[in-house]
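First comes the structure, then the notes that go with it.
The values are calculated or read from the model by the stated rules, or taken from the named source; none is laboratory data. Keep in mind that this is a model prediction, so the values were computed, not measured. All Cβ positions, even for glycine, are placed from backbone atoms using ideal geometry, and neighbour counts span all protein chains on display.
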Amino acid sequence: MTDWDLGQLRALAAAADLGTFDAAARALHVTPSAVSQRIKALEQTAGAVLLRRERPVRPTAAGEPLVRLARQLDALTAEATRHLTQDATAPRVTLAVNGDSLTTWVLPALAPLADRVALRIERADQDRTADLLRDGTVMGAVTSQGAAVQGCTVEPLGVMRYRPVAAPAFAARWFGGPWDPGAADAVRPAALAAAPVVVFDADDRLQDRWLRRRRVDPARPPRHLVPASADFAVAVRLGFGWGMLPDQQADDDVRAGRLVRLADDVVDVPLLWQQWSLRTDALDAVAHALRAAAAATLLPPA
């Protein structure tokens, strides 16, 4: 078993976090030379190059597990210190969550913890949140990736169901009008190929998946990029284009007539919770809150 040096691990994590040896040195209150020497010594112990020496510096594939280990050890050390000294400082938990989950059920789930856990939430597409867990940026992630990241545990949370929706006037203009809510599934491929679509960002593939199911090339319709979940829904309501919205976000607008469903078929996105295997009390509290909220909000796992 390798005995890892905590000071060397901290130097590695600081350089990865801050992007340069100079910034890492300032954060650690040492010289840039000391940071460089510690990282070189760690690389000798690991038998591999751990950082790409570019601007900003970035962990290599061999370095990512050690950056994650450094952050895990810091979290465990901080927790032990708080218990021993009865320090009331709120522990920090870093999470990666997709925008739709963040808007609809994650923030309400975490609200009761806000006075005792300092939360830092990274927003990322559910297909990419596991990448932030893999490189050690976050301690836990709501993700669509079922394969456990090395050093992490994984469990299903439930299924988020998406449906294609649009403003009534938009639906009538592009798909025939006046639009009758009973006309769901009457949209034709030719109309879908021309009608504008709203997408979240370059990683958003939900609309593309539904278009392919309808035998429409996703590259054909004009698209609006609106990279915020709440604003995405507003853009659809305002008639910028049609888009895939989760039931939790669209149902009230559909009932009120502000949105109509374009079809009865759905896109289901399974969501899972992945977190560090090395656990802390604060991370466990966050995981428990997310499990409970998912059970009450999402469809059961398949």
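Could you say whether any residue in the stretch 182-197 is among the charged types (D, E, K, R), farther than 30 Å from Leu272 by Cβ and in contact with a Phe, Trp or Tyr (Cβ under 8 Å, 6 or more places away or on another chain)?
For the stretch 182-197, residues among the charged types (D, E, K, R), farther than 30 Å from Leu272 by Cβ and in contact with a Phe, Trp or Tyr (Cβ under 8 Å, 6 or more places away or on another chain): present.
What number of residues within the stretch 81-117 are exposed (fewer than 15 other Cβ atoms within 10 Å of the Cβ) and assigned to a loop (DSSP other than H, G, I, E, B)?
7
Residues in the stretch 45-60: is at least one in contact with a strand residue (DSSP E or B) (Cβ under 8 Å, 6 or more places away or on another chain), assigned to a helix (DSSP H, G or I) and at pLDDT 90 or above? So that I can check it myself, show each step before the final result.
Going through the stretch 45-60, the residues in contact with a strand residue (DSSP E or B) (Cβ under 8 Å, 6 or more places away or on another chain) turn out to be 50-52, 57-60.
Filter once more, keeping what is assigned to a helix (DSSP H, G or I): none.
No: zero hits.
Out of curiosity, is Arg134 closer than 21 Å to Ser277 by Cβ and in contact (Cβ under 8 Å) with a residue 12 or more places away in the chain? I'd like the intermediate steps shown before the answer.
Numbers: closer than 21 Å to Ser277 by Cβ: yes; in contact (Cβ under 8 Å) with a residue 12 or more places away in the chain: yes.
Considered against the rule, which asks whether it is closer than 21 Å to Ser277 by Cβ and in contact (Cβ under 8 Å) with a residue 12 or more places away in the chain, Arg134 comes out as yes.
What are the pairs with Cβ atoms under 7 angstrom where one residue, in the stretch 79-93, is assigned by TED's automatic domain parsing to the domain that holds Leu119 and aliphatic (A, V, I, L, M) and the other, located anywhere, is assigned to a strand (DSSP E or B) and loosely packed, with under 15 Cβ neighbours inside 10 Å? Sequence gap at least six, or different chains.
Ala90/Ala118
Could you check the stretch 128-213 for strands (runs of 3 or more DSSP E) lying wholly inside it with 2 or more residues that are under 15 Å from the mean Cα position of the chain (by Cα) and either in the same structural domain as Val93 (by TED's automatic domain parsing) or under 22 Å from Thr104 (Cα atoms) (or both)? Even if it seems obvious, please write down each step before you answer.
On the way: elements: 140-143, 152-166, 197-199.
So the answer is 140-143, 152-166.
Which condition does Ala114 not pass, out of (1) more than 25 Å from Arg26 (Cβ to Cβ); (2) under 18 Å from the mean Cα position of the chain (by Cα), if it passes all the others?
Checking Ala114 against (1) more than 25 Å from Arg26 (Cβ to Cβ); (2) under 18 Å from the mean Cα position of the chain (by Cα), the one that fails is (2).
Restricting to the stretch 130-161, name every residue that is among the hydroxyl-bearing types (Ser, Thr, Tyr), in contact with a Leu (Cβ under 8 Å, 6 or more places away or on another chain) and surrounded by fewer than 22 Cβ atoms within 10 Å (Cβ to Cβ).
Passing the criteria: only Ser144.
Filter the stretch 282-294 down to the residues that are surrounded by 12 or more Cβ atoms within 10 Å (Cβ to Cβ) and in contact (Cβ under 8 Å) with a residue 12 or more places away in the chain and list them by number.
First pass over the stretch 282-294, keeping only residues surrounded by 12 or more Cβ atoms within 10 Å (Cβ to Cβ): 282-291, 293-294.
Scanning the stretch 282-294 gives Ala282, Leu283, Ala285, Val286, Ala287, Ala289, Leu290, Arg291, Ala293, Ala294.
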